Structure formats: structure tokens, C-alpha cells
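Novice: Below you'll find the structure I mean.
Every number in this text was worked out from the coordinates using simple rules, so none of it is lab data. Everything quoted here is computed from the prediction, not taken from an experiment. Backbone-built Cβ (ideal geometry, glycine too); neighbour counts: all protein chains shown.
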Amino acid sequence: MLVLGMSSCVTELPSLVDQDQVAGSLVVGRVITVLTGERSRWYVPQMRFLELEDKDSQQRFQVDIESPDQRFVVDLPAGNYRLIRVQISEGPFMSMADLDMTFSVEADVITHVGVWRFGVDSPRYGRNVIVSMVSEERALARTFLNEQYPAFDENPMVERLPQPSQVEARLYEVMPYPRISRYFRRHWW
């Protein structure tokens, strides 16, 4: 009898790594989540987490953001990565989108991945998220790093924006839908 096991574990990472625990290369960026279109929604969208995948080893990393506007600094081994999944929450409601945006992380340098902007459609059937990657002034990122991570102020910084720089993807609701009877749920796909 042959038994094959696949590990689908995700390594959870905080949005700001402790500078004493850095073993690989620092990756620095910023996530901004906004609602596009009609703004009568009670809840502001916020990024719950980003999921990154090492293209060579298929190891996945979940970066917990939990904010509509948050800088992140994560410790990743050098290699090629893909942003494969995001989860966005609006109060008790959650949506998820699958993406495919690639970037590389170099050894012994700080990799600045820019500002990742997520524009979330107003609630409706067939809801999308528009993701755009833009460059940020390197001086702003360097100032943030010097304040939070003074041990890395001498390390060189390179900019590697994920490609493609703009993507539109479908948002899917994540179950369980909060406190609403099955009969009254908005969407079933």
C-alpha cells in the first residue's frame, strides 16, 4: 500500500517581524484597501491577510494585516514569490480573491515591494477587486525602517514591484456568512 501525503500548511507571519528574529531577507511594503463606487456601506473594507507562495518550493506564507492601511515588514528567504490570495473583511462579512502577481526577493538586501492598493467594488453580484502596485518614495520607506528597525539602516534597499502591476479579480464570499439565515443570504455561487 502506497500512501502519499501532501503538506498544505501555511506559515503565518505577523505584518511586522521582530528585528531579532530576521533570518532571511526583509521585504517591506504597504497595503491600502478602499471601497470603490457607492459608499453607503457601514463597514470599511480592510485587508485580513495576504498569502504569498515561493514559486520554487511551493511553500506558502500568510501575512496577517488586519487593517485598511498598514505597512508590512516580513522575513522571507531569497527567491521568486507570487501573491496568490487575499482575504478582505467588511465588519462581519469576508471575501477572498485569487491572484497571480510575481516578485523576487534578493539575499542580503532589503526588498521594497511598493504600495499594494486594493480597490473593492461596492457590494453587488459579481463583485471584483482591482489590485494595483505602485512605487513609493524610497525615503518614506527608509524613514519607517530606520524608526522600526535601526539594526538594518546600513543594508541596501532595492525596489521590486510585483508584476503585472495591475490586476482585476473576482471576490468570493467566505462562509460562514454571519448570523443570517440561509434563506436571506445575498449570493450563492
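Novice: Between Ile110 and residues 5 or more places away or on another chain, which pairs have amide H atoms under 5 Å apart, with H built 1.01 Å from N, and which residues are they?
Specialist: Met157, Val158
Novice: Suppose only helical runs count, i.e. DSSP H with n ≥ 4. What mean residue ellipticity at 222 nm does that imply for the chain under -39500 (n - 2.57) per run, divided by all residues and rounded to the nearest 500 deg cm²/dmol?
Specialist: -2000 deg cm²/dmol
Novice: Please express the shape of the chain as an equivalent ellipsoid: the semi-axes are the square roots of 5 times the eigenvalues of the C-alpha gyration tensor, given largest first in whole angstrom.
Specialist: With the √(5λ) rule applied to the chain, the semi-axes are 30, 21, 15 Å.
Novice: DSSP loop GluC sites (Glu not before Pro) in region 106-162 with at most 10 other Cβ atoms within 10 Å of their Cβ, which ones?
Specialist: Answer in residue order: Glu137, Glu154.
Novice: Using the Karplus curve 6.51 cos²θ - 1.76 cosθ + 1.60 with θ = phi - 60°, what ³J(HN,Hα) values do you get for each residue of region 148-162, in whole Hz, with x for Gly and Pro?
Specialist: Each residue's phi maps through the Karplus curve to give 8, 9, x, 5, 10, 5, 8, 5, x, 10, 10, 9, 9, 6, x Hz.
Novice: Per residue of region 60-69, in order, report the coupling 6.51 cos²θ - 1.76 cosθ + 1.60 (Karplus, θ = phi - 60°) as ³J(HN,Hα) in whole Hz, putting x for Gly and Pro.
Specialist: 10, 10, 9, 9, 7, 9, 6, 6, x, 8
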